[in-house]
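Inspection log for the structure reproduced underneath, given as structure tokens.
The values are calculated or read from the model by the stated rules, or taken from the named source; none is laboratory data. A quick note: this is a predicted structure, and the numbers were derived from the prediction, not measured. Heads up, the Cβs are rebuilt from the backbone with ideal geometry, glycines too, and the neighbour counts pull from every protein chain shown. Just the protein is used for accessible areas: all its heavy atoms, side chains included, with ligands, DNA and RNA removed. Shrake-Rupley method; radii C 1.70, N 1.55, O 1.52, S 1.80 Å.
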Amino acid sequence: MYDIGIIGGGTAGMTAAIYGQRAGKKTIIIEGGVFGGQITSSPNVENYPGIASVSGSEFSMNLLDQAVKLGAETAMEQVTGIRDEGSVKVIETAGKEYPCRSVILATGVTHRHLGVPNEERLTGAGVSYCATCDGMFFRGRDVAVVGGGSTALQDAEFLSNYCRKVYLIHRRDEFRGEDSIVKRLESKENVEFILSATVRDIIGDQAVERLIVNSKKTGKEFKLDVSGVFIAVGQIPKNEIFADVVKLDADGFILAAEDCITSRPGIFAAGDCRTKEVRQLTTAAADGAVAALAACRYIAG
Ligand code: NAP
């Protein structure tokens, strides 16, 4: 029996494990993908207090190392559901069951797709949702990044170091992401902003060959020859399998306030998966701490 079963091994989940272990609780983190979550895709994190600059993968490896050294257990498994048996919550996976006194949902978010023709068919053949994972395949070639948030800006900056040309396509004429990165991109000769424009189609037989882009400024369509397109248009939650145990909002986020308490006693929600205003590394870490301490109080009755 675990005191705290944590579903999701991103920043929120691993911080919850650190706080749980330090409070003397037996914790397990169950992760279905990559420990570290979405920050592992960030080439450079520059806004975590006390750490001027660190790669997302190093940051998450340090977190995992810290949690494991404190005694947290880990499992690489896809969770299929939670069974609430009152004082025991059973986390179910394809082959196992994990009985826990409390559960923290820290499932994060997943990449939003553009929803244009050929996007799914050409994923892995020029369409990518992770510049740090796939960028090197496009060394010396022309690519496009779609989006206007911090992820798109970071992706464009990362790719500009390897690619011949990087087009940054954004649907509005101002970026949502950090101004400091916009300024750095403006000074790069191989980066071109295509603003107030949307991608209408991705063209290619075996692999991406070009994009059809619609300019809102001119009202005209034009072709853009690229070998790769990196889609960074935000994140969506993935909480459907928990809809029978906790209440979700209309967009699928788990209804929980800053106290991380959900509609179900003993089940808490931490990080990007819950309803909140600011989804940042710092707020994910803060949620991990809040949720773990709330779980400790719940266990103590
Ligand atoms: P985001 O901030 O939600 O930005 C998504 C971008 O995609 C927006 O510019 C949005 O346009 C655009 N977009 C959304 N749907 C679109 C569509 N269908 N077609 C075209 N464009 C579309 O997402 P994010 O950049 O992934 O960032 C997520 C969170 O993580 C943010 O809070 C961000 O600050 C944080 N983050 C932090 C770091 C770090 O280093 N600490 C790194 C990356 C991200 P509009 O602007 O017009 O809405």
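The table that follows gives values for the structure above.
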| item | result |
| --- | --- |
| Pairwise label distance in nanometres, Cys133 with Ser180, each label 7 Å out on the Cα-Cβ vector | 2.8 nm |
| Pairs of lysine residues in the range 22-132 - Cα separation under 16 Å, sequence separation of 8 or more or cross-chain | 4 |
| Candidates per trypsin sites (Lys or Arg not before Pro) in the range 199-241, loop by DSSP, up to 13 other Cβ within 10 Å | Lys216, Lys217, Lys220 |
| q = 0.15, 0.23, 0.27 Å⁻¹, the range 134-191: log10 I(q)/I(0) [Debye, one scatterer per Cα] | -0.36, -0.84, -1.12 |
| Per-pair calculated FRET efficiency, R0 = 22 Å: Met1 and Lys69 via Cβ, rounded to 0.05 | 0.45 |
| Length added when fully stretched, Ala125-Arg141, from 0.36 nm per residue minus Cα-Cα | 4.3 nm |
| Exposure ranking of Glu258, Glu277, Glu85 by accessible area [1.4 Å probe, largest first] | Glu277, Glu258, Glu85 |
| Positive-end extreme of charge dipole, the range 113-231 - chosen from Gly219, Cys130, Ala156 (charges on Cβ) | Gly219 |
| Contour excess over end-to-end distance, with Cα ends at Val34 and Ala243 and 0.36 nm allotted per residue | 72.9 nm |
| Radius ratio Rg over Rh of the chain, counting only Cα atoms, Kirkwood formula for Rh | 1.02 |
| Centroid-to-centroid separation of the range 205-236 and the range 83-129 [C-alpha atoms, Å] | 28 Å |
| Sparse-neighbourhood loop sites, GluC sites (Glu not before Pro) in the range 152-222 - DSSP loop, at most 16 other Cβ within 10 angstrom | Glu174, Glu178, Glu189, Glu209 |
| Alpha carbon convex hull of the range 8-77, volume per residue in cubic angstrom | 74 Å³ |
| Difference of contour (0.36 nm per residue) and Cα-Cα distance, Asp205 to Asp173 | 8.4 nm |
| Set of the range 184-200 residues, backbone N closer than 19 Å to the point 7 Å along the Cα-Cβ line of Ser215 | 191-200 |
| Solitary cysteines of the chain, where the nearest other Cys Cβ is not under 4.7 Å | Cys100, Cys163, Cys260, Cys273, Cys296 |
| GluC sites (Glu not before Pro) within the range 94-139, DSSP loop, no more than 15 other Cβ atoms inside 10 Å | Glu120 |
| Surface/4 estimate of mean projected area, convex hull on alpha-carbon atoms of the range 157-276, nm² | 11.0 nm² |
| Percent of C-alpha pairs per 10 Å bin, the range 54-185, short to long | 10, 27, 27, 21, 13, 2 |
| Kyte-Doolittle at least -0.5, axis length at least 18 Å by Cα - qualifying DSSP helices, the chain | 56-69, 281-299 |
| Expected 222 nm ellipticity per residue - DSSP helices of 4 or more, -39500 (n - 2.57), all of the chain, to 500 | -7000 deg cm²/dmol |
| Viscosity 1.002 mPa s, temperature 20 °C, Stokes-Einstein D of the range 70-140 from Kirkwood C-alpha radius, µm²/s | 133 µm²/s |
| Placed amide H near Gly10: partners under 5 Å, 5+ positions off or other chain | Gly36 |
